[in-house]
Each structure stands twice: as structure tokens, then as C-alpha cells.
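Q: Structure provided below as C-alpha cells; questions to follow.
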Amino acid sequence: MIYKVIYGNPDVSSEAVVNEKKVKLVDQEYLKNVIFDECLLKKEKEYLILRIKLKEKRGFYFGFGDKVGPLNRKGRRYIFWNTDDFIHHPGAEPLYKSFPFFIYISKNMKFGIFTDYPGYMEIDLDSEGKGEIEFKVRGEGFNQYIILEEKVKKILKQYLYLTGKNVAFPFWSLGYQQSRWSYSSQSEVLQIAKKFRDKNIPCDVIWLDIDYMEGYKVFTWNKENFSNYKLMLEKLHNMGFKVSAILDPGVKVEKNYEVFEEAKDRYFLKDTSGKDFEGAVWPGRVRFPDFCENKVRKWWARKVNKLLEDGIDGFWNDMNEIAIFASEKDIEDAKEKLKNMKLEDGIKVASVIGEIGEIKKRGRGDEIVHLSGKKHYKLKNVYGFNMIRATFGGFPKNKRKLIITRSAYSGVQRYGGVWTGDNHSWWEHILLEIQRINSLSMVGVFNSGFDVGGFGGNVEPELIVRFMQLGVFMPLFRNHSAIETRRQEPWSFDTEYEELLKDVIVYRYKLIPYLYTSYMLGILEDKPLIAPIFYYFENDEQSYQVFDQFMVGKSLLVAPVYNPGVTKRMVYLPKRALNFNNKIFVRKGWNLVDAPLSKIPHFILDGSIVFMQDEVQYLKNSYNDVLTAHVVAYNDKAVGYLYEDDGESYNYKKGLYNLYKVVYDKGNVQFLTKRNGFLHRKRKIKFKIYRKFGLDEFELEF
Ligand code: MIG
């Protein structure tokens, strides 16, 4: 059941909610006794504060997307105020995105609360240990959706009913992706691509960071270093690569620059005096499109479409919190320190005023006005959401897209995916990313990834191996690193490590039949590819506490290594499983398992079938003609799934796909057709049956 309570008089809409038919509008009193004992709403200056006291205080809290901190969000106060902060220390708060949704789970009670407000907000999840939750909003009012269900899966499904289903990314987006700030010329990009093919290291996507542009001007190409970008793109495509490019929202203030001329005085955010608001980012002086307006999104989409026509295949929306190094007001405020400085010196100015830190504290809420007349502090958290929405609009309708955004709000899954921003090449960040990706799944964002290898800082060989071993299971598997840090391409280390890294990437391609099947079933059924263990085993209370393992689909359990020098780790198994490294069965419960540097501790749950294939250099919308079915059947019984479709359109929404349920029972295999909506390609399937007593092998045509 979904209940909605309106608090105060909301005067802005986030546009996160798309379906309200099933929602029951109630007042706060109605929910008393259902989930809470007491509930108090008060106004304090410009804030509206709601405090509720739960009927119990022992539960776990999951959600809030990729904020740093533990998987269980209990006991902290969180700020929702989209901010560019590139040092993700354990207390870094706020960060780039706002997903004000969490799921409460205890033995007796399960519910989800989505507090829908696109402006400044704080949520306190029982920081006093009294079983109290506080919501504090700077504004006139907000909507709250309370989802009451018996199963976590159903709570998440209802949340996605409200905020919209995830879009499927193209088949090829599951391939390995290589990025760097920056590959700064066409010859460098081509060299990188060639190296992958020469070394037979599989790769599908190369990313272009800000240097492909002319003077960081959005929707331009650098005339010198990318003088023949069309030829470059053609060559890359012929080699089987896709190319994804960065887009920044700030439009350079420059006479005769088409993008600026078209938008000035019409499409940009305003300052309080009614002039276009100006700030400094990479290009120097810039202005910012007001993506909250439909007409602005349409204009932006046309620009995006041009880049698609040039041959770009995907996008990455950056700096859309909005990250602004300095504004005219900052310079005025810091007059003394900034003598003789102008916005043109954007980066220099930023370093003088202590950069993001200070700007973050002061916010950017009051000095910016939207075209609708609303102050930015009421809409800040949906700026990035609307930028990716605009970018999404630039693609042909029935073509799947690879678009990720750094800043986002609930509902972003309708338009694209996210990456977690500027992490570091630190061991701590492997664990951090496990928790962030799982928390993103709990707020319904299924297309997610992080900078594999770490963005900031210099990676060390052992660290990149472990980082990559985590990336291999992520929906998006992209290695990215910052300017002036050491290179992170797989060949940037001693040959021993290069071999290990190559093995990891090759393994990703072997997993594709299982990954794509699980991914697409997830899109169709509102289930994340990556999920915390409790998502599938919520009757197992122990599983609520497992923060450093996760499920990939419903059959694969991964327990990554996130410390240096480690060759063993403890793993919690919610049921019996096959250790896929040594093919030995491991019992339910806590187990110590081997984890040498060449191995990723991962397990196939008993009773399941996982389809794999042999390695390929890049993906072509379909699996290989020969597959291997790993049947984990301790008691000689197992079930698995195989999904196929065109891999590039949204026709799956119309049922144009095949889904087979594969049932193994004591030596017999049956393929049950659950859906027959796509041309089936016959394949040879090699079965490997892992049983209590010994291995069995045979082949079938299907
Ligand atoms: O101020 O475009 O998070 O992925 O490489 C830094 C340069 C701007 C931040 C992004 C990062 C990207 C970088 N950008």
C-alpha cells in the first residue's frame, strides 16, 4: 500500500513522481498507530520540521543512494543539497545526489518513506537512538509517500511504480569501458583503442573527457587535437568501439559562440536582479541553462542530437550539482582576497576562496533564480535530474542510451544511470563503493557504476586488481582516473599485473549471458542487478548486517577483498553455495575462504544455473553460439534463466524478447519458454553439473 501525506503547502514539484493512481491520500493522524506512535509538525523560521517516533527502535535503515557511510544508514543526520565534493572522507556530506528515500526493516515492521522535495532538506535517522526520525525542509511544504509492504522487494517495486521504471541500457554498455581525464587528442584515443585490440584485452567503450572540446565549450570539438574527429569516430566504430563524451552544463560567455548566442537572455538561470546568472567553471565565465524548463530541455536535446550525428554513442553529464568554482558574488564577498581577479580566472579564483568547501557552506540557493521565478534553493536537487532528462531527449525514441549523470534525484532511473563521482585510489574506497552501489540499488537506480581504480590519487598495482575485481560485477564497468594521477589502463603496470587485469576483464565478458539476463529481468521486474544479501533473504536477520558482500542477480554472491595483503576472508552465505574458484560446496553461515590476488571470492547459490560464454573482444548485441551452463545442484536439482532480445531498442517493453526457464532435474534438462517474442538463435550449450557426488558434463543444442 502507498500512502501520501501532504505537509504544509508545497509550492514546487520535483517531477519525480509519475504514477499516483494507486496512492491513497491520508493525513498524518491516519498513520499513527500504523508505523509511528507520535508525529509532530512545526514551523521554525523558514523551515518545516516533521518529527516522528516509531513504534520500535531496533530496525535497520537502507537507502539514500550513494551518500558515503555505512550501508545501514541508522544513527546519522543526512543533508540533501547536491554538492560537488571530491574528497569522500567518511563524513563527507552532502554529496552530488539526493535520493530522499529509505527502507526501514526489522523483524516486525517494514516500510519505505520517500520525502519528495527538490530543495534543501535534512533527514535524521534516529541519531539520538530513541527511534525518532526527523525531516527538515527549507520551504513551504513537501509530499511524503509511505510504502507499507511485507517484503523489501515489494517496497522497492512500489517506489518504482511511483517514480518510474529503469530504462535499459544497450547490450554493449555491459562491456568494459576505458576512460581518463583526458585522452586529449584523436591520435591518443586511437592509440589506446589499438592497444586494447593488439593485446587482446576486451573493451567496448572509450570515454572522452573535457579536452575534446574547444576551450571547454560544450557542443564543440577541439579544432587542433580533434581536427578529424569524424574519421576518428569512424575508425573506432570499425574496430568495434563505442564512444561516450562528457557534457558540462556551463555555457561559455563568448560572442558568436552559437550555443551561447542562442541561449542568452532566454534559457539561462537568472540572478536576483533579473540578469543571466554568471559563474566561473572550466571555460571561465559561464551561464547555466535552466533545465527545469521544457523549452530549454528541447533546445539542449537538439544540440545533443548533433553530437549523435557526429557519431558519439553515449554521454556523461558532469558538474550538474551545479558545481561552480566562483560567482560574481563570491568575488565581491571575498574582495580583499581576490584583488584584481575576474571570473575569467575561474580556477585561480576558486583556489583563493578555499573553493568548494566555502561555497558549499554558503550554498547557491538564494542568489540564483529559475525562469519560473522560483529560487534555486527550492529546486537545486533536481538540476542534474533535469539535465540528464534533457540529454535523454536528444536520442531517437526507440534507441537505448548510455547516459550517466553525477548529480541526480529520485526518478533519474527513467532517463539514465549514475556514477558515484570522484572517488580515490584508496583501499577504503573499495568498501565504500560496495556500499554506495548497493544503496543506489535500494533507491531504485539500477544503472550504476563507480570510477574503477579510483579517480583521485595514484593507484598501486594490488589496489587496481582488487578494484577491478569489484568492477567486474557492476552494471557499468568503467576505469577512470584524474589528470595528473598515474595511468590506470590495464597495461600501466608490471606484466604480472597486466595479466591479472586482463583476466578480470575477460571474465566480465564470460559472465555476459548471466549478467545480461539478470540485468534485463531486473529492468522488467524492478529488481536491481546488484543487491544487498537481505534483499533476497529478508527472513534471515543475520543478512541485514552483511555490508561487504552483495548479490549479482539472484544466483551469484560476491565477497570482494578490500584490504591489501589479504589472501583469505570471512564470507556469510545465506544458504549452501558453490565456491566458484575451486568448485567446492560451502555450507550456509560464516565461512573462511581463500582469496589470493588472482581470485575474487564468489559463489553460485545452490539450486541455480548460471550461463556463461567464451571470451570475446567486444559485444555484438547477442551471446556467443556456444554457451556453458553451470548447474549448481547439490541434490541434483537446479533452475536458471536465459533472456535474449535485440539489445538496442526498447522493444522489450512490448514483449519482444525471449525468456527461457531452464530446469535441471536428475540428469534431465528442460527449456520452458516463458516468453517467445524474438528470433531465437540456436546455440550449443555445454552443461556442467556440480552435484554432491561429483561432476557431470554433457552438451545440448538449444
Ligand atoms: O572538476 O571533467 O567527476 O569524472 O574527469 C572536475 C573532468 C571535472 C569531474 C568528474 C570527473 C571528470 C572531471 N570533472
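The values are calculated or read from the model by the stated rules, or taken from the named source; none is laboratory data. These numbers come from a predicted model, not from an experiment. For neighbour counting, all protein chains shown are included, and Cβ atoms are generated from backbone atoms with ideal geometry for every residue, glycine included. With ligands, DNA and RNA removed, areas are computed over all heavy atoms of the protein, side chains included. Shrake-Rupley method; radii C 1.70, N 1.55, O 1.52, S 1.80 Å.
Listed here are the residues, each with its yes/no results for (1) among the β-branched types (Val, Ile, Thr); (2) not in a strand (DSSP E or B).
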| residue | (1), (2) |
| --- | --- |
| Tyr623 | no, yes |
| Tyr634 | no, yes |
| Gly640 | no, no |
| Lys653 | no, yes |
| Thr673 | yes, no |
| Lys682 | no, yes |
| Lys686 | no, no |
| Asp696 | no, no |
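Q: Just wondering, is there one or more residues in the stretch 67-80 that are farther than 17 Å from Phe547 by Cβ and buried (at least 24 other Cβ atoms within 10 Å of the Cβ)?
A: Yes - at least one qualifying residue is present in the stretch 67-80.
Q: Looking only at the stretch 56-66, count every residue that is over 30 Å from the mean Cα position of the chain (by Cα) and open to solvent by 60 Å² or more (accessible area, probe 1.4 Å) and tell me the total.
A: 1
Q: Identify, from the list Pro475, Pro461, the residue that is closer than 25 Å to Ser98 by Cβ and in contact with a helix residue (DSSP H, G or I) (Cβ under 8 Å, 6 or more places away or on another chain).
A: One residue alone meets the criteria, Pro475.
Q: If I filter the stretch 148-171 for residues that are within 16 Å of the ligand (Cβ to nearest atom), open to solvent by less than 10 Å² (accessible area, probe 1.4 Å) and on the phi < 0 side of the Ramachandran plot, do I get at least one hit?
A: No, because not a single residue in the stretch 148-171 is within 16 Å of the ligand (Cβ to nearest atom), open to solvent by less than 10 Å² (accessible area, probe 1.4 Å) and on the phi < 0 side of the Ramachandran plot.
Q: Quick check on my filter: what residues within the stretch 172-187 are over 30 Å from Asp614 (Cα atoms) and either open to solvent by 20 Å² or more (accessible area, probe 1.4 Å) or without any contact (Cβ under 8 Å) to a residue 40 or more places away in the chain (or both)?
A: Trp181, Tyr183, Ser184, Ser185, Gln186, Ser187
Q: Residues that are open to solvent by 40 Å² or more (accessible area, probe 1.4 Å) and assigned to a helix (DSSP H, G or I): does the stretch 529-543 have at least one?
A: Yes, that holds for at least one residue.
Q: Which residues, counting only those in the stretch 385-442, are within 26 Å of Gln545 (Cα to Cα) and acidic (Asp, Glu)?
A: Glu428, Glu433
Q: Please enumerate the residues belonging to the stretch 480-510 that are aliphatic (A, V, I, L, M) and within 15 Å of Lys599 (Cβ to Cβ).
A: Result: Leu500, Leu501, Val504, Val506.
Q: Among the strands (runs of 3 or more DSSP E) contained in the stretch 397-487, which hold 1 or more residues that are within 16 Å of the ligand (Cβ to nearest atom), over 17 Å from Phe169 (Cβ atoms) and modelled with pLDDT of 95 or more?
A: Passing ranges, in order: 477-479.
Q: Of the residues Lys342, Lys329, Lys264, only one is modelled with pLDDT under 95 and surrounded by fewer than 16 Cβ atoms within 10 Å (Cβ to Cβ); which?
A: Just a single option satisfies the conditions, and that option is Lys342.
Q: I'd like to verify a number: residues in the stretch 476-518 that are open to solvent by 10 Å² or more (accessible area, probe 1.4 Å), among the hydroxyl-bearing types (Ser, Thr, Tyr) and farther than 29 Å from Phe86 by Cβ, how many?
A: Total meeting the criteria: 4.
Q: Surrounded by fewer than 23 Cβ atoms within 10 Å (Cβ to Cβ) and assigned to a loop (DSSP other than H, G, I, E, B), is that true of Lys53?
A: Taking the combined requirement at face value, the residue does not satisfy it.
Q: Can you tell me how many residues in the stretch 317-344 are away from the ligand (no atom under 16 Å from the Cβ) and part of a loop (DSSP other than H, G, I, E, B)?
A: So the answer is 9.
Q: Of (1) loosely packed, with under 13 Cβ neighbours inside 10 Å; (2) in contact (Cβ under 8 Å) with a residue 12 or more places away in the chain; (3) over 30 Å from Ile206 (Cβ atoms), Tyr660 satisfies all except one. Which?
A: (1)
Q: Output yes when any residue across the stretch 546-559 is outside the structural domain of Asn108 (by TED's automatic domain parsing), part of a helix (DSSP H, G or I), open to solvent by less than 10 Å² (accessible area, probe 1.4 Å) and without any contact (Cβ under 8 Å) to a residue 40 or more places away in the chain, and no when none is.
A: No, the stretch 546-559 has no match at all.
Q: Here's a follow-up. Residues of the stretch 5-27 being touching a residue at least 40 places away in the same chain (Cβ under 8 Å) and not hydrophobic (A, V, I, L, M, F, W, C), which ones?
A: Matches in the stretch 5-27: Tyr7, Gly8, Asn9, Pro10, Asp11, Ser13, Ser14, Glu15, Asn19, Glu20, Lys22.
Q: Now, a different point. Please work out which residue is nearest to Phe325 (Cα to Cα), limiting yourself to the stretch 83-92 and to residues that are open to solvent by less than 50 Å² (accessible area, probe 1.4 Å) and within 13 Å of the ligand (Cβ to nearest atom).
A: Asp84
Q: Could you please give the count of residues in the stretch 488-503 that are under 15 Å from Asp204 (Cα atoms) and either of a type in the set (Asp, Glu) or not in a loop (DSSP other than H, G, I, E, B) (or both)?
A: Residues in the stretch 488-503 being under 15 Å from Asp204 (Cα atoms) and either of a type in the set (Asp, Glu) or not in a loop (DSSP other than H, G, I, E, B) (or both): 2 in total.
Q: Taking the options Phe678, Phe603, name whichever one is part of a strand (DSSP E or B) and at pLDDT 95 or above.
A: Phe603
Q: Go through (1) in a loop (DSSP other than H, G, I, E, B); (2) away from the ligand (no atom under 15 Å from the Cβ); (3) in contact with a helix residue (DSSP H, G or I) (Cβ under 9 Å, 6 or more places away or on another chain); (4) not polar (S, T, N, Q) and name the single condition Glu224 misses.
A: Result: Glu224 fails condition (3) only.
Q: Which residue, of Ile600, Ile584, is in contact (Cβ under 8 Å) with a residue 12 or more places away in the chain and either open to solvent by 10 Å² or more (accessible area, probe 1.4 Å) or among the polar types (S, T, N, Q) (or both)?
A: The unique qualifying residue is Ile600.
Q: Taking the stretch 239-298, which residues are assigned to a strand (DSSP E or B) and within 16 Å of the ligand (Cβ to nearest atom)?
A: Across the stretch 239-298, the qualifying residues are Val243, Ser244, Ala245, Ile246, Leu247, Val251, Lys252, Gly279, Ala280, Val281, Gly284, Val286.
Q: Considering only residues that are within 12 Å of the ligand (Cβ to nearest atom) and assigned to a strand (DSSP E or B), look in the stretch 199-221 and name the one that is surrounded by the most Cβ atoms within 10 Å (Cβ to Cβ).
A: Leu208
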